[in-house]
Amino acid sequence: QVQFVESGGGLVQPGGSLRLSCAASGSIFSAYAMGWYRQAPGKQRELVADITSGRVTNYDDSVKGRFAISRDNAKNTVYLQMNSLKPEDTAVYYCNSNPPDLRNWGQGIQVTVSP
């Protein structure tokens with residue numbers, strides 16, 4: 001079973017930046033497509049960015065041009081660089097494979113965008 005540990009969240013003002021990290025253990029990380037997901041209060045969890053094993057990236061329209069997903073297979077880590085943050089980006093962010101393995105959801109990391 002894979003374990004994901006997210007880090008790097010926090011409170012940031014609108015227009016600010018954060019870089020999230022997700023460390024994976026217990027599996028052949030490099031073989032998996034990986035995704036960053038988020039869940040805002042009262043809303044369903046949604047995929048915001050994903051990266052294939054070949055480093056092809058895809059983004060939800062709501063974050064396109066502002067967020068960048070990357071991966072370091074040597075470190076079993078996937079990153080999410082978030083720029084020009086907006087209040088509507090406030091959510092708990094999770095990483096998982098894409099499609100997600102329901103057994104592997106971690107605790108997530110809170111990102112709050114507020115003046």
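The values are calculated or read from the model by the stated rules, or taken from the named source; none is laboratory data. Just so it is clear, the model here is predicted, and its values are computed rather than measured. We place every Cβ from the backbone using ideal geometry, glycine too, and count neighbours over all the protein chains shown. Ligands, DNA and RNA are stripped out before the accessible areas are found, and what is left, the full protein with its side chains, is counted by its heavy atoms. Shrake-Rupley method; radii C 1.70, N 1.55, O 1.52, S 1.80 Å.
Taking 25 °C and 0.890 mPa s as conditions, the range 24-77 diffuses translationally at an estimated 202 µm²/s according to Stokes-Einstein applied to its Kirkwood radius (Cα pairs). Accessible area per residue was computed with a 1.4 Å probe on protein heavy atoms; Ser70 scores about 50 Å². Think of the range 6-115 as a dipole: +1 on every Lys or Arg Cβ, -1 on every Asp or Glu Cβ, centred on the Cα centre; then among Thr77, Gly15, Tyr59, Thr77 lies furthest on the positive end. Charge dipole of the chain (Cα centre as origin; +1 on each Lys and Arg Cβ, -1 on each Asp and Glu Cβ, all else neutral): 120 debye, rounded to the nearest 20. Extending 7 Å from Cα along the Cβ direction at Leu102 and again at Ser17 yields two label points whose distance is 3.8 nm. Across the accessible surface of the chain, with the other protein chains kept in place and a 1.4 Å probe, carbon and sulfur atoms take up 49 percent.
By the compact-protein rule of thumb, 2.2 N^0.38 Å, the alpha-carbon radius of gyration of the range 48-115 corresponds to a ratio of 1.15. Using the Karplus relation 6.51 cos²θ - 1.76 cosθ + 1.60 with θ = phi - 60°, the per-residue 3J(HN,Hα) values for the range 80-93 come to 9, 8, 10, 10, 6, 5, 10, x, 6, 7, 4, 4, 8, 9 Hz, with x marking Gly and Pro. If R0 is taken as 25 Å, the Cβ-Cβ distance between Ser25 and Thr112 corresponds to a FRET efficiency of 0.35.
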